[in-house]
Amino acid sequence: MNGRTAAWVAEAAGARLAAGDPTADGPRRAAVDTREVTQGDLFVGLRGERADGGTFAADALSAGAWGVLVAPEHEERALAASAASGPGGPTVLVAEHPLASLQRLARRWRRELGCKVVGVTGSTGKTSTKDILAALLSAQLRTHSNRENLNTEIGLPLTILEAGTDTEVMVLEMAMRGEGQIAELVGVAEPDVGVIVNVGPVHLELLGTVERVAGAKAELIRDLRPGAVCVMPASEPLLEAHLREDLDTITFGPGGEVMLLSFEAGRAEIESRGRILALELPYSEPYNLLNTLAAVGAATALGVRPRGRVEVRFSSLRGEVLELPGGVTVVNDCYNANPMSMRAALQHLAESPAERRLAVLGTMAELGPESDAFHREIGEEATALGVDVLVTVGQEAVVYSEGFDGENYAAATPEEAGALLAELAVPGDRVLVKGSRSAGLERLLS
């Protein structure tokens, strides 16, 4: 928030300036974890299920925070900590609902920047699409995007507040677990372009049906301003009822306005609304090629014509390829999992050259009453694709083996699976490691 004052920050956040010089320069960014606070940050004390961040305001000020934003019950202690710093001490802002104030401040900063904003959501692949789109745009525009998984009602406003004054476009991933959450994020980010990568069976524990999942994702379409651009799959009937005539809709994938014409040796030829683009891609997974089409659609909406080599750095734990000592290749894709992404990952495993193909799978979480059926179907898919060895991790993942006909093992924990993999894997093997975050499969390779 360079070039803005403490008084501006207070007004933008809808907070009361309780201490500090109103003419002082504003903060560098915002943070909600005292462990991440550095010199010049605004610490926002959020109420959580287990702890109230406002109780740590004094710690944030001791760490060099520019100031704090806290609820009224924490004002007295925050003022005491500010006064202890002497004259001209850190700023103290007070608001009844700190999260709402954080979001309000982020929305105001987004408007101050005046840059274009792209919102990206989907049942699977939204992070990779965000990463690809950021890479496409950054070759021509000063681009800002979410770090890792800062894509929630807290992470998204923090991302916006990290953007510098020279930002020309923001690419913001939007996560959801239930209805109303995408709408909340759209209200903060006010995107000019909305991208829905796909719709599938995720969060069924809360939403119940795929139709309701589509409705929750389509809040992005519903809440775009008139004249904005919507980018969506060409063949997704679940979204058709949510389309709007006052939006410019760009479709991607087979039969869409953005299509892959050819892909060979890393060179992709893509048609986007009648224009032919040539891109050199450092990946070949079919799902990432489709994600690339979504990203090209969004770039087209912004008037950007991508070209040349795409230098993309994918967020961690998403398809990361590791070459282990002894000639074993591991695909570390354990950030999350659902039936759509699991099928895509297994398909890519089957198509990759290897002596043997091993799948180490943790549970797919939040699938509701049909969870066992979904897991069993993935086991059957692994059989059909010719996976040689299946290792399930955790009790909930054992159901995969009910649909798998090949060699299979069950590990109780990621650590046990890691020890088992060390015994099973031999030179020339390719190993897929995938499961929901709750499975903790990243510990398998530590």
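Quick notes on this one:
- Nearest-0.05 FRET efficiency for D166 and S85, computed from C-beta distance (R0 30 Å): 0.40
- Multiplying the residue separation of E190 and E370 by 0.36 nm and subtracting their alpha-carbon distance yields 61.2 nm.
- Neighbours of V37, meaning other residues whose beta-carbon lies under 15 angstrom from its beta-carbon, give a summed charge of -2 when Lys and Arg score +1 and Asp and Glu score -1.
- Dipole check for region 320-445: with +1 at the C-beta of Lys and Arg, -1 at the C-beta of Asp and Glu, and the Cα centre as origin, the magnitude is about 220 Debye.
- Ordered by the count of other Cβ atoms within 10 Å of each Cβ, fewest first, W8, W66 give W8, W66.
- Beyond 16 Å, the tail of the calculated P(r) for region 271-316 holds 37 percent of the Cα pairs.
- Region 2-19 and region 379-446: distance between their alpha carbon centers, rounded to Å: 52 Å
- Distribution of pairwise C-alpha distances over region 6-99, 10 Å bins, in %: 20, 58, 21, 1
- Counted charge near G255, where neighbours are those whose Cβ lies closer than 15 Å (Asp, Glu -1; Lys, Arg +1): -3
- Here each label is just a point 7 Å from Cα along the line to Cβ, and for E211 and T55 those points are 4.6 nm apart.
- Here's the picture: a label point sits 7 Å out from the Cα of A234 along the beta-carbon direction, and within region 291-305 the residues with their amide nitrogen under 16 Å of it are 291-298.
- Measuring between their Cα centroids, region 289-349 and region 173-232 lie 21 Å from each other.
- Förster radius 60 Å - calculated FRET efficiency between N2 and E402, Cβ distance, rounded to 0.05: 0.55
- Applying the criteria of a DSSP loop state and at most 14 other Cβ atoms within 10 Å to the GluC sites (Glu not before Pro) of region 244-290 yields E245.
- Principal axes of the chain: Cα extent on each, largest first, Å: 71, 53, 41
- Of L156, L172, L243, the one that fluctuates the most in a GNM where the chain has Cα springs shorter than 10 Å: L243
- Diffusion coefficient, µm² s⁻¹, Stokes-Einstein with Kirkwood Rh over alpha-carbon pairs of region 320-445 at 25 °C and 0.890 mPa s: 176 µm²/s
- FRET efficiency estimate (nearest 0.05) - Cβ-Cβ, E415 to T38, R0 25 angstrom: 0.15
- The length gained on full extension between R309 and E179, counted as 0.36 nm times the residue separation minus their Cα-Cα distance, comes to 43.0 nm.
- Residues considered: K130, K116, K217. Largest GNM mean-square fluctuation over the chain, using C-alpha springs under 10 Å, is found at K116.
- Separation of alpha-carbon centers, region 105-146 and region 239-260, rounded to whole Å: 20 Å
- Charge context of L424, other residues only, Cβ under 13 angstrom, K/R +1, D/E -1: -3
- Close amide-amide hydrogen proximity is noted between A18 and V92, L93, V94, each under 5 Å apart and 5 or more residues distant or on a separate chain (H modeled in the peptide plane; Pro and chain starts excluded).
- For GluC sites (Glu not before Pro), the sites in region 45-84 that DSSP calls loop and that have at most 12 other Cβ atoms within 10 Å are E49.
- Ordering M342, M259 by the number of other Cβ atoms within 10 Å of each residue's own Cβ, fewest first, gives M259, M342.
- Going from the residue with the fewest nearby Cβ atoms within 10 Å to the one with the most, R307, R430 rank R307, R430.
- Estimated at 0.36 nm per residue, the fully extended path between D248 and A265 surpasses their Cα-Cα distance by 2.7 nm.
- q = 0.08, 0.11, 0.16 Å⁻¹: log10 I(q)/I(0) that the Debye formula gives for region 114-309, counting C-alpha atoms only: -0.23, -0.44, -0.97
The numbers here are math on the coordinates, done by the rules we state, and not lab data. Every value quoted in this text rests on a predicted model; they were computed, and no experiment measured them. Cβ: placed from backbone, ideal geometry, glycine included. Neighbour counts: every protein chain shown.
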